[in-house]
Amino acid sequence: MSRPQSLTGKPVFPYRVMERILLTGAGGLAVGSLLLQGQILSGLGMALVSLLAFRVLTRSRLMAALLVGGVSTVVAWSLISQVDQPEMVSAGFWCQVVAAWLLAWACVEQLSSIHTLSSLYRSILGVIIPVLFGVWLLILWELLTRGLDVPQVLLPSPSQIGERLMNSTSILWADFKQTFLKAVLIGYAVGCGAGFVVAVLIDRSPFLQRGLLPIGNLVSALPIVGVAPIMVMWFGFDWPSKAAVVIIMTFFPMLVNTVAGLAAAQPMQHDLMKTYAASYWQSLFKLRIPEALPFLFNALKINSTLAMIGAIVAEFFGTPTVGMGFRISTEVGRMNVDMVWAEIAVAALAGSMFYGLIALLERMFTFWHPSVRS
């Protein structure tokens, strides 16, 4: 179906329901903030931009997104500078906060509705949209905690957490090395590697397939809080006991997924390999493992987050005076919640980058799969 055109022949984009709601709500709240607080510049500016966006939106969604996104950013900067002044934090202030948030939401909505054939632009939009959304969540967090004067013990603001991150880099780096570079990576590599090798052995042995696989499913459901103290007793307080917990947590997902993946090849494909007189190992490496790659990467992605959780939780049950789990448990007792959030931020960032690396490798090795091609 062709896109509607204006009288001049230029394409016209239809309004979307959500865009109407967001822009109308932002304009209404901006007028409300103008009446309640009397700040002409920001209130009138947001109201005019909301109306202007309705006009621009039908011609260029990118221009409309840049317009509302730019204005919401300027207003957010102004609100953050005012939030520590009690006389400024009134009903009109909160109307401006919600209006600016609605404009930012409209910006994300308009960017996400842009359809382009260029893979470069799609990649740029794929990065910009989640970044904008995440930045605005941090802005709201900052405004709410400082504007409502939330105690730091309950919830520190992002600026306080960022300050702690900058002032505690040596401690955070030591904890990162102990938990992620030692326990997580070593446990992850050993657990996933062992799971893959045992899965191939199970595939060769009906005895193991019927005996070990059901037990593996049972053991994979063991609670980590029960396993971690036992591993500490067996392997000591240092990182090997945490790596052992990670091995247990990552072994069985890899085992189950690999066994399922090795059975994914179609009978016709097996028959074709037989016509080529292929041996078991030739069929394994040239047909069954390539067919199993989506299952293998699925297990690797699941294990990337399980490994981080397992290592941190295991450190709650005994560790030297270093490590993310140790730091979180001790700093909570000291009421240094900003340090706890700093450790959480480092763990989340490391886990996300690790998951992203696995996802990138998945796209490189399974480019032929329909889920990646689409």
> Can you give the helix-only mean residue ellipticity at 222 nm for the chain, where every DSSP H stretch with n ≥ 4 adds -39500 (n - 2.57) and the sum goes over all residues, rounded to the nearest 500 deg cm²/dmol?
Replying inline: -25000 deg cm²/dmol
> Could you give the length gained on full extension between V372 and S329, defined as 0.36 nm per residue of separation minus the Cα-Cα distance, in nm?
Replying inline: 11.4 nm
> Which cross-chain or sequence-distant (5 or more) residues have an amide H under 5 Å from the amide H of R59, H modelled 1.01 Å from N in plane?
Replying inline: F13
> Roughly to the nearest percent, how much of the accessible area of segment 32-148 is carbon and sulfur, given a 1.4 Å probe?
Replying inline: 76
> Gain in length, M166 to K286, computed as 0.36 nm per residue apart minus the alpha-carbon separation, to one decimal in nm?
Replying inline: 38.2 nm
> With a sphere of radius 12 Å drawn around the Cβ of V89, what net charge do the other residues whose Cβ falls strictly inside it have (Lys, Arg +1; Asp, Glu -1)?
Replying inline: -2
> Computed FRET efficiency, Cβ-Cβ of I230 and R55, R0 56 Å: what is it to the nearest 0.05?
Replying inline: 0.25
>> Given points 7 Å out from each Cα along the Cα-Cβ axis, report the R20 to Q269 separation in nanometres with one decimal.
In response: 4.9
> Based on the Cβ-Cβ distance from R210 to E87, what FRET efficiency comes out when R0 is 51 Å, to the nearest 0.05?
Replying inline: 0.10
> Hey, what's segment 284-347 come to in accessible area per residue, 1.4 Å probe, Å²?
Replying inline: 40
> Based on the Cβ-Cβ distance of V135 and M364, what FRET efficiency does E = 1/(1 + (r/R0)^6) give at R0 = 22 Å, to the nearest 0.05?
Replying inline: 0.15
>> Could you sort K242, K286, K182 by their accessible area in this structure, using a 1.4 Å probe and putting the largest first?
In response: K286, K182, K242
> What are the ³J(HN,Hα) values, in whole Hz, obtained from phi via the Karplus relation 6.51 cos²θ - 1.76 cosθ + 1.60 with θ = phi - 60°, for each residue of segment 207-214 in sequence order, with x given for Gly and Pro?
Replying inline: 4, 5, 5, 8, x, 7, 4, x
> Can you run phi through the Karplus equation (6.51, -1.76, 1.60; θ = phi - 60°) for segment 235-249 and list ³J(HN,Hα) in whole Hz, with x for Gly and Pro?
Replying inline: 10, x, 8, 7, 4, x, 5, 6, 5, 5, 5, 5, 4, 5, 6
> Which of the residue pairs K242/K286; K182/K286; K242/K301 have a Cα-Cα distance greater than 26 Å in the structure shown?
Replying inline: K242/K286; K182/K286
> Taking all protein chains as present, what is the carbon and sulfur share of the accessible area of segment 158-372, in % to the nearest whole number, probe 1.4 Å?
Replying inline: 72
>> Given a 1.4 angstrom probe, what's the average accessible area per residue across segment 75-227, in square angstrom?
In response: 55
> Once amide H atoms are placed 1.01 Å from N in the peptide plane, what residues at a sequence separation of 5 or more from R16, or on another chain, have their amide H within under 5 Å of its amide H?
Replying inline: none
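The values are calculated or read from the model by the stated rules, or taken from the named source; none is laboratory data. Every value quoted in this text rests on a predicted model; they were computed, and no experiment measured them. Cβ atoms come from the backbone with ideal geometry, glycine included; neighbour counts cover every protein chain shown. Accessible surface is based on the protein model in full, side chains and every heavy atom, while ligands, DNA and RNA are left aside. Shrake-Rupley method; radii C 1.70, N 1.55, O 1.52, S 1.80 Å.
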